[in-house]
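Below is one structure, written out as structure tokens; comments come after it.
Only the coordinates and a few stated rules stand behind these numbers; no lab work does. Small disclaimer: the values here were computed from a predicted structure and weren't measured. Methodologically, a virtual Cβ is constructed for each residue, glycine included, from the backbone with ideal geometry; neighbour enumeration extends over all protein chains shown.
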Amino acid sequence: MIVAVQNQQTAYLHIEGDIPADLDEGVFISVARKPALKIYSLGFQPAKSIPEIPRWFLHKYARKPFTVLDPFAGSGTTIIESLKYGASVYWLDYHPLSRLICRVKTTFASPSEVLQSASAIIQTAENQKYAPNTVHFANKDFWFQQQVQEGLEIIREHIEATKITIQPILWLAFASTVRKTSNMNDGMLLAAKRSRFEEIPKRSRSDVFRYFLQYVEKAVEAIAEWHPFLEKSINNVEELPFADARNLSGDWLCDAIVTSPPYINAIDYVWAAKFELHWLGMVESDRERLDLYSKEIGTERIPRDWSLDQSC
Ligand SMILES: C[S@@+](CC[C@H](N)C(=O)[O-])C[C@H]1O[C@@H](n2cnc3c(N)ncnc32)[C@H](O)[C@@H]1O
């Protein structure tokens, strides 16, 4: 069969800043992005959307009052855009780390209180001799040096004893600390093969404490910048009580689903956040972590209890 391919002139547009709502269909665009609020980058999510896309959608199609659903909320890009636009938004995500990130972005914590608590934790931690040993998962010693494990255990213990309202942001800073102080290469997505072992820096407990404080400061900067927007819209956001987008019910309504779904085979979200899941106590064992795959859309893994008939 011969297929004739007709050469068409395709329009191309370079845009500075936001994508115009009246963009012609079929146009190729490139976007020079405006400096974004820090809140977008807060929290690890391996497939963040660019905010310009939900922003464009809302400006083009949403007529207030307007309610959005994001069933794959991730790090909350659609939530932020919806709230900034003045829309209401329902959200969910099956992944415990994503839920933590979105909760931090949609609730208030006093920046000064968070900073004070983090400093107090570090002061006590620096003088603490004993480190608990509560977190267990496969290959922990391969990915975490002994001193790092001790530092992380000590911080965990202190976060658990902190006032409940500021715990989420401390946990989020702790999650970044876990990633940073592991033996993964910087920027590595999955804990797979580690290249160039000789280059892994030797880390002490104090390094762990220092990184934790840095991540708390970064998180506090982000939420302090975001809070004035959130103050106006705090009542317009609601987490739906479901852990799987394939199973929704209830008497809520939305005008549009604005989301970036998980694509088949693209990202293994359970593996990507394996360390955070264990260190933050979001799963209690390797088995429990692997069980999360039964909810993950796009996974390459077939849940254990699937019979052959189901999978064909
Ligand atoms: C492409 S990401 C979304 C990224 C998000 N738009 C952002 O900017 O951060 C897809 C999300 O779908 C979530 N996910 C995968 N399977 C799911 C399921 N069955 N129910 C709900 N969320 C799911 C993943 O945890 C991931 O956070």
With unit charges on the beta carbons (Lys and Arg positive, Asp and Glu negative) and the dipole taken about the Cα centre of the chain, which residue among Ser49, Ser182, Pro262 sits farthest to the positive side?
Ser182
Estimated 222 nm signal from helices in the chain, with DSSP H stretches of n ≥ 4 weighted -39500 (n - 2.57), rounded to 500:
-12500 deg cm²/dmol
Pop out the ³J(HN,Hα) list for region 74-85 in order, Karplus 6.51 cos²θ - 1.76 cosθ + 1.60 with θ = phi - 60°, rounded to Hz; leave Gly and Pro as x.
x, 9, x, 4, 5, 4, 4, 4, 4, 5, 5, 6
Relative to the longest principal Cα axis of the chain, at what angle does helix 167-181 sit, 0 to 90 degrees, rounded to 10?
80
List every residue whose amide H lies under 5 Å from the amide H of Ile257, counting only residues 5 or more places away in sequence or on a different chain, with H placed 1.01 Å from N in the peptide plane.
Leu69
Ranked from highest to lowest mean number of other Cβ atoms within 10 Å per residue, what is the order of the peptides 61-69, 91-99?
91-99, 61-69
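What percent does the relative contact order of the chain come to when contacts are Cα pairs within less than 8 Å and at least six residues apart? Spell out each step's value before the answer.
Values: 425 pairs, mean separation 73.6, N = 312.
So the answer I get is 24 percent.
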Listed residues Ala120, Ala245, Ala73, most fluctuating in the chain (Gaussian network, C-alpha, under 10 Å):
Ala120
With +1 on the Cβ of every Lys and Arg and -1 on the Cβ of every Asp and Glu, the dipole magnitude of the chain about its Cα centre, in debye rounded to the nearest 20, is 580
Any idea how far apart Ala11 and Ile164 come out in nm if each label point goes 7 Å out from Cα toward Cβ?
5.5
By the Cα gyration tensor axes a ≥ b ≥ c (a/c under 1.5 gives rounded; else a/b larger than b/c gives prolate, otherwise oblate), the shape of region 180-250 is oblate
Charge dipole of region 24-83 about the Cα centre (unit charges at C-beta), most positive-ward option of Val68, Thr78, Ile39:
Ile39
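Going by how many other Cβ atoms sit within 10 Å of their own, how do Ser112, Ser88, Ser182 line up, fewest first?
Ser112, Ser88, Ser182
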If you scale each eigenvalue of the Cα gyration tensor by 5 and take the root, what three semi-axes come out for region 111-224, rounded to whole angstrom and sorted largest first?
24, 16, 12
Between the residues Gln146, Ala273, Thr107, the Cα farthest towards the positive end of the dipole of the chain, that dipole coming from +1 and -1 charges on the beta-carbon of Lys, Arg, Asp and Glu, is from Gln146
Hey, rough spin-label estimate for Leu248 and Glu25, points 7 angstrom out along Cα→Cβ, what's it come to in nanometres?
2.5
